[in-house]
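Notes follow once the structure below has been shown.
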Amino acid sequence: TDTFTIRVNSIDLVSVDITSEPTKTTYFVGDEFSSEGLVVLANFNDGSSRNVNPTSITGYDMSEVGNQIVTVSVTISGITKEDTFEITVEAVEEAVLSSISLSGNYQKEFFKGEDFSSDGLIVTATYSDESTKVVTPTNITGYSKTTTGEQTITVTYVEDEISVSATYKINGKSVDLVSIEISGDV
């Protein structure tokens, strides 16, 4: 019988490499960070490598605008190694008023001398993000109760110092006296 000594070396983590960054690297303030698509390769001292899940992902602040360095950490058998990648957090653009549209069952004919009415008129504002909402017009101009024939009515809506307008046509009619009737005792 003979004896000999062997030395068993541990297989230790020596580095990690991000082989594929997350699918999404550009965000808007308030978005949630996503690591979907992130691939991390762990490299060991025996020359082997394997894909691993990160132990932690830190360094991002979704409330701060700008480029940010995100740190991916992997801890195996008490040894921690890191790699980084960059994300961009952009300011949220506020939707701004871009146009208005007119709809509804509103009056399109008026008799000469009649007061103007916009009852039934629905004004819908459209914004730069394509959202819409029904609004109350700031101003309606173009009506003359002393004029007959076609008139152009201008509807204006102002929001945050942005003014937009839309128009529609009405017809002013005259009222002609056809007859007089006398009734009662004379």
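The values are calculated or read from the model by the stated rules, or taken from the named source; none is laboratory data. Note that the structure is a prediction, hence the values are computed from the model and not measured. Ideal geometry is used to build each Cβ from the backbone, glycine not excepted, and the neighbour counts take in all protein chains shown. Accessible surface areas use protein heavy atoms only, side chains included; no ligands, DNA or RNA. Shrake-Rupley method; radii C 1.70, N 1.55, O 1.52, S 1.80 Å.
Among the conditions (1) touching a Phe, Trp or Tyr at 6+ places or on another chain (Cβ under 8 Å); (2) part of a loop (DSSP other than H, G, I, E, B); (3) open to solvent by less than 50 Å² (accessible area, probe 1.4 Å), the only one that PRO54 does not satisfy is (1).
Checking ASP46, ASP12 one by one, the residue that is among the charged types (D, E, K, R) and touching a residue at least 60 places away in the same chain (Cβ under 8 Å) is ASP12 and no other. Is it true that VAL72 is aliphatic (A, V, I, L, M) and over 30 Å from VAL158 (Cα atoms)? Against the criterion (aliphatic (A, V, I, L, M) and over 30 Å from VAL158 (Cα atoms)), VAL72 qualifies. Within the stretch 170-186, residues that are modelled with pLDDT under 80 sit with their Cβ atoms under 6 Å from residues that are surrounded by 10 or more Cβ atoms within 10 Å (Cβ to Cβ) and among the hydrophobic types (A, V, I, L, M, F, W, C), at 6+ positions apart or across chains, in these pairs: VAL175/PHE111. Would you pick out the residues in the stretch 81-98 that are among the charged types (D, E, K, R) and under 30 Å from THR132 (Cα atoms)? Correct list: GLU90, GLU93, GLU94. Of the residues making up the stretch 52-62, one or more are under 12 Å from ILE18 (Cβ atoms), at pLDDT 95 or above and in contact with a Ser or Thr (Cβ under 8 Å, 6 or more places away or on another chain). Looking across the stretch 1-49 at every residue that is open to solvent by 70 Å² or more (accessible area, probe 1.4 Å) and acidic (Asp, Glu), the one that is modelled with the lowest pLDDT is identified as ASP2. Within the stretch 64-113, the set of residues being closer than 30 Å to THR167 by Cα, open to solvent by less than 70 Å² (accessible area, probe 1.4 Å) and part of a strand (DSSP E or B) comprises LEU97, SER98, SER99, ILE100, SER101, LEU102, SER103, GLY104, PHE110.
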